[in-house]
Amino acid sequence: MVVAFKVTGGEQGEWAVLQVSGELDLVTSPVLRQRVHDVVAEGRHRLVLDLSEVWFCDSSGVGVLIAARRLLRSCQGRLRLILPAQGAADGSHVNRVLGALGVRRLFDVHPDLPSATSEDASPLSA
């Protein structure tokens with residue numbers, strides 16, 4: 001069985017939004033890395049990564065998230081992640097992976113798109 005991995009782009013106000021679904025692993029993470037670079041190359045420095053449909057994430061996927069954060073910070077941009085508390089098999093797998101690796105606090109995490117793209121958004125506490 002081939003698992004579909006998809007990254008679809010959109011916009012919400014001043015934010016570029018990439019919706020990611022499927023497995024974020026060694027094979028698929030370069031696709032996401034390239035899409036993040038493309039967004040920044042277009043001059044968009046406010047990015048939301050919607051990871052609510054990602055049901056598996058390995059260390060290479062986490063590496064892409066950290067690299068995306070570093071890239072956006074280097075151009076005074078902002079990165080926000082959407083990681084719902086419930087959903088894909090009771091809680092975001094990505095959320096658990098980030099927490100287990102101790103890097104969840106590095107990210108500005110939100111439960112949904114309206115929260116992630118609002119100006120007065122306060123992130124979910126770690």
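The values are calculated or read from the model by the stated rules, or taken from the named source; none is laboratory data. In this text, all values refer to a predicted model and were calculated from it rather than measured experimentally. Glycine also receives a Cβ, built like all others from the backbone with ideal geometry; neighbour counts cover every protein chain displayed. These accessible areas exclude ligands, DNA and RNA; they are computed on the full protein's heavy atoms, side chains included. Shrake-Rupley method; radii C 1.70, N 1.55, O 1.52, S 1.80 Å.
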* To do: Please work out the ratio of the alpha-carbon Rg of the chain to 2.2 N^0.38 Å and round it to two decimals.
  => 0.96
* To do: Only Lys, Arg, Asp and Glu count, each charged at its Cβ (+1, +1, -1, -1), so figure out the dipole size of the chain about its Cα centre, rounded to 20 debye.
  => 460
* Asked: Pick from Gln19, Gln76, Gln34: which residue has the top mean-square fluctuation in a GNM of the chain where Cα pairs under 10 Å get a spring?
  -> Gln76
* Asked: Under a 1.4 Å probe, what is the accessible area of region 16-98 per residue, stated in Å²?
  -> 46
* Can you give the accessible area of Ile66, probe radius 1.4 Å, in Å² rounded to 10? -> 40
* Asked: How many percent of the accessible area of the chain is carbon or sulfur, using a 1.4 Å probe?
  -> 53
* Asked: Taking every DSSP beta bridge that has both residues in the chain, what percent is antiparallel when rounded to the nearest 5?
  -> 30
